[in-house]
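To keep things clear, I will list the structure first and then write my remarks on it.
Since every read-out is calculated from the coordinates, none of them should be taken as a lab result. Since the structure is predicted, the reported quantities are computational estimates derived from the model, not experimental observations.
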Amino acid sequence: MPETAAPNNMTQDEEQSTVVIDGEILGNTQYVATVIQEQTGADLFRIEPAEPYPTDHDTLVEQASEEQKNAARPAILGRVEDIGRYDTIYLGYPTWWSDLPMILYTFLEEYDLSGKTIVPFNTHGGSGFADTLATIADLQPQADVLEDGFTVSRNDVQEAESDIIAWLNGLGDMK
């Protein structure tokens, strides 16, 4: 999620977690999700906390660290309507300290994705997927978690559209 809506007033940390495309500020993971949605026609559900994350980068990092330390399960704003109608779930997230954000634990514990294919994609600061694919598989043991998800460094997101499309083509998931 973008930490500011003012592109000319971003800190260096905020610039690394956002992209500006056609004058619109998007979070890195949000941008990748948007490209996937545009290319596949998939529905889009943003997993965001009921209590919004802080907009100040340092405060956000501190809160995320505390959530991990305390194994928090932040409440999610909204619900996916009739998740049973989906066979494939594109699951996007940033890797935080080599792990899923804690709100992803909430999501994966609240929804039964048995029999579904989970297609992970993530953004990161250098750790790629780390152990997150195994964590997703542990939390959803009856789902098929694809090992060949899409991962991109936060430094490369702005130029990643062609890579995302090539990855989707490799999966055969274009509309």
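Given the convex hull of the Cα atoms of region 69-166, what is a quarter of its surface area in nm²?
6.8
Output the relative contact order of region 28-167, whole-number percent, from Cα pairs under 8 angstrom with separation of 6+ residues.
Reported relative contact order: 25 percent.
Evaluated at 37 °C with a viscosity of 0.692 mPa s, what Stokes-Einstein diffusion coefficient in µm²/s does region 23-132 have when Rh comes from the Kirkwood expression over alpha-carbon pairs?
219
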